[in-house]
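The values are calculated or read from the model by the stated rules, or taken from the named source; none is laboratory data. The model shown is predicted, which means the values in this text are computed figures rather than measured ones. Cβ placement follows ideal geometry from the backbone for every residue including glycine, while neighbour counts extend to all protein chains displayed. Heads up: the accessible areas ignore ligands, DNA and RNA and are worked out on the full protein's heavy atoms, side chains in. Shrake-Rupley method; radii C 1.70, N 1.55, O 1.52, S 1.80 Å.
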Amino acid sequence: MEPVHPEFVPDASLSREEMEALQRDIAEQAVFTDDLPVDPESVCHTRDAGQQRLDETESTGSDEPPTVVGVDQAFLDDDRAVSALVAMRGGEVVERVHAVAPTEIPYIPGLLSFREGGAILAGFRELTVEPDLAFFDGSGRIHFREAGLATHVGVTLDLPSVGVAKNLLCGTPRAPTDGLVEGDRVPIESNQKVTAPDGTVIGYAVQTRQYDSPNRHVNPLIVSAGHRVSAETAADLVLACSAGYKLPEPTRLADKYADEAKATVT
DNA sequence: GCGACAG
DNA sequence: ATCTTGTCGC
């Protein structure tokens, strides 16, 4: 698929000020409320043949499960990134594509999409299936200007998106995020470093997996809305797509595929 | 000057 | 993100 908003395609040649200005424009276009064709309850559930046939018989139109894409990146060297996309439908992988693109700028907190966005959009250009939702590795609305990687790419493609990060970029957890039980979530509120009004819930710390004994423990994922999804639904979707691992399946498989693709490319 | 930060 | 074997604990 191609960008719906070419003017938002990340341009690494912009000055830092211009990049930040673009992020403010993107945040204005971003929709942080639900506007997606995906039901959190049945997103990643595999349906048996009997159920599939029953559904097709009872409805007039096509009601196949939504297509969810997991996106992740790996690096070949300091100036080339590999983006890996794994598309899933009804709990099964339906397509895997990858693309290589130059990383024109170094990693700068808050400007990640300008470093990795090019490779990601190149990956989407290779994608054949029509995605209904995408999970990105990084933040969405949990960002200084409410335009993290997931929001930037989501708005550019006008694709419902969710940001799944392993660490908190900014914002303040409303309560301690340790010692959570699987399924738990703690709101992340905006503070003075975020453009949103103080106290706005910009995301959630989501415990997708946890050990039961007091020794080892798993840190929660930091989930935020990318585009056309609310913070609550973003958390629901991540939990719904998690299957015994810390990362939701689409992301976990994209992670693995990124390494495979990296080993393949020269 | 202090603080501080996705991948 | 990346460099990387063994190893601690379920």
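Would you kindly derive the ³J(HN,Hα) couplings of the stretch A:245-257 from the backbone phi angles with the Karplus curve 6.51 cos²θ - 1.76 cosθ + 1.60 (θ = phi - 60°), listing them in order in whole Hz, with x for Gly and Pro?
Once θ is set to phi - 60°, the couplings for the stretch A:245-257 become 10, 5, 8, x, 3, x, 6, 4, 6, 5, 4, 5, 5 Hz.
Starting from the exponent 0.38 and prefactor 2.2 Å, build the expected Rg for the stretch A:158-227 from its residue count and divide its actual Cα Rg by it.
1.18
Considering only DSSP states other than H, G, I, E and B, which GluC sites (Glu not before Pro) in the stretch A:132-222 qualify as loop sites with at most 16 other Cβ atoms within 10 Å?
Passing both the DSSP loop test and the Cβ count: A:Glu182.
Looking only at Cα atoms, what is the convex hull volume of chain A per residue, in Å³?
Per residue, the Cα convex hull of chain A comes to 136 Å³.
Please compute the contact order of chain A in relative form: average sequence separation of alpha-carbon pairs under 8 Å and at least six residues apart, divided by the residue count, as a percent.
Relative contact order comes out at 23 percent.
Compute the signed sum of charges (Lys and Arg +1, Asp and Glu -1) over the other residues within less than 15 Å, Cβ to Cβ, of A:Ala87.
Cβ neighbours under 15 Å give a net charge of -4.
Count the net charge of all other residues whose Cβ sits under 12 Å from the Cβ of A:Leu169, scoring Lys and Arg as +1 and Asp and Glu as -1.
Overall, the nearby charge balance is +3.
Could you tell me which Cys residues in chain A have no other cysteine's Cβ under 4.7 Å from their own Cβ, answering none if every one has a partner?
A:Cys170
How much net charge surrounds A:Thr67 when only the other residues with a Cβ under 11 Å from the Cβ of A:Thr67 are counted, with Lys and Arg +1 and Asp and Glu -1?
So the surrounding residues net to -4.
Starting at the first residue of the stretch A:112-118, write each ³J(HN,Hα) from the Karplus equation 6.51 cos²θ - 1.76 cosθ + 1.60 with θ = phi - 60°, in whole Hz, x for Gly and Pro.
Once rounded to whole Hz, the list reads 3, 5, 7, 8, 9, x, x.
In whole Hz, with x marking every Gly and Pro, tabulate ³J(HN,Hα) for the stretch A:159-171 from phi via Karplus 6.51 cos²θ - 1.76 cosθ + 1.60, θ = phi - 60°.
Rounded to whole hertz, the list is 10, x, 9, 10, x, 10, 10, 9, 9, 7, 7, 7, x.
How large is the helix-only mean residue ellipticity at 222 nm for chain A, computed as the sum of -39500 (n - 2.57) over DSSP H runs with n ≥ 4, divided by its residue count, in deg cm²/dmol to the nearest 500?
Helix-only estimate at 222 nm: -8500 deg cm²/dmol.
Given +1 on the Cβ of Lys and Arg, -1 on the Cβ of Asp and Glu, and no further charges, what dipole in debye does the stretch A:6-264 carry about its Cα centre, rounded to the nearest 20?
It comes to approximately 780 debye.
Could you report chain A's accessible area per residue, 1.4 Å probe, as an integer in Å²?
46 Å²
Mind ranking A:Cys44, A:Cys241 by accessible surface for me, highest first, 1.4 Å probe?
From most exposed to least exposed: A:Cys44, A:Cys241.
For the charge dipole of chain A, defined by +1 on Lys and Arg C-beta atoms and -1 on Asp and Glu C-beta atoms about the Cα centroid, which residue among A:Ala134, A:Leu112, A:Phe32 has the Cα displaced farthest towards the positive pole?
A:Leu112
In the stretch A:6-264, what percent of the accessible surface is made up of carbon and sulfur (1.4 Å probe, ligands and nucleic acids excluded)?
46 percent
Can you list residues from other chains, or at least 5 along the same chain, whose modelled amide H is less than 5 Å from the amide H of A:Met88?
Long-range HN contacts for A:Met88: A:Val68, A:Val69, A:Gly70, A:Val94.
Amide H neighbours of A:Thr200 under 5 Å, counting only residues 5+ apart in sequence or on other chains, H built in-plane at 1.01 Å?
Under 5 Å from the amide H of A:Thr200 lie the amide H atoms of A:Ser190, each far enough along the sequence or on another chain.
Please sort A:92-105, A:129-142 by packing, taking for each peptide the average over its residues of neighbouring beta carbons within 10 angstrom, highest first.
Working: A:92-105: 17.0, A:129-142: 25.2.
Averaged packing, sorted descending, gives the order A:129-142, A:92-105.
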